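Everything below concerns the one structure shown next.
The values are calculated or read from the model by the stated rules, or taken from the named source; none is laboratory data. Because the structure is predicted, anything quoted here is derived from the model rather than measured. Neighbour counts are summed over all protein chains in view; Cβ atoms, including those assigned to glycine, are modelled from backbone coordinates with ideal geometry.
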């Protein structure tokens, strides 16, 4: 039986509402059909594949938005590790784009979505810790070879938190339109 990732699917719907046609790539947890691998360099191999992400948006031949969604809890090293491995990557390579290696842009938005409900009971300190990490990451931008220049962290209270998903859409819209 397939595992249902309700927050992943809600974020995917929110992204689909603002991403240009055929620009949004989703992994299977988000309703896509293939893992989304990022690589160091433009040649795919087990050595150069550095991470897999949940969603990304490609505009004008470059990755502009990377999204990571965590539904299983909050561990700082896990959150920071996902950011760092994405920052080390230089290209996105996907089977639907044979022979193409899509570079990360120089002005990438990295979004992390953590399910506040999964932080556990009395998790106020975990939410504060997540916000502290987000603040410190923003202070250290840009990151990486290509340039994760923008960072947002969202902590919705489950997949039905429309206010947080709207804020996520606004961030994506802003990076894609340059306003």
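Among the residues making up region 1-60, those that are in a strand (DSSP E or B) and more than 13 Å from the chain's Cα centre (by Cα) are 39, 49, 50, 59.
Is there a residue being at pLDDT 95 or above and in contact with a helix residue (DSSP H, G or I) (Cβ under 6 Å, 6 or more places away or on another chain) anywhere in region 113-120? Among the residues of region 113-120, at least one is at pLDDT 95 or above and in contact with a helix residue (DSSP H, G or I) (Cβ under 6 Å, 6 or more places away or on another chain), which makes the answer yes. Based on this model, can you work out whether residue 158 counts as touching a residue at least 60 places away in the same chain (Cβ under 8 Å), surrounded by fewer than 21 Cβ atoms within 10 Å (Cβ to Cβ) and more than 27 Å from residue 20 (Cβ to Cβ)? It is true that residue 158 is touching a residue at least 60 places away in the same chain (Cβ under 8 Å), surrounded by fewer than 21 Cβ atoms within 10 Å (Cβ to Cβ) and more than 27 Å from residue 20 (Cβ to Cβ). Listed conditions (1) under 28 Å from residue 178 (Cα atoms); (2) in contact with a helix residue (DSSP H, G or I) (Cβ under 9 Å, 6 or more places away or on another chain) are all met by residue 71, apart from (1). Of all residues in region 163-179, those that are on the phi < 0 side of the Ramachandran plot and surrounded by 13 or more Cβ atoms within 10 Å (Cβ to Cβ) have Cβ atoms under 6 Å from Cβ atoms of residues that are assigned to a helix (DSSP H, G or I) and modelled with pLDDT of 95 or more, 6 or more apart or on another chain, in 165/14; 168/14; 169/14.
Being touching a strand residue (DSSP E or B) at 6+ places or on another chain (Cβ under 6 Å), modelled with pLDDT under 90 and surrounded by 15 or more Cβ atoms within 10 Å (Cβ to Cβ) is a condition met by at least one residue of region 57-77. Applying the criterion of being touching a residue at least 60 places away in the same chain (Cβ under 8 Å) and in a helix (DSSP H, G or I) to the residues of region 80-119, the residue that is surrounded by the most Cβ atoms within 10 Å (Cβ to Cβ) is 86.
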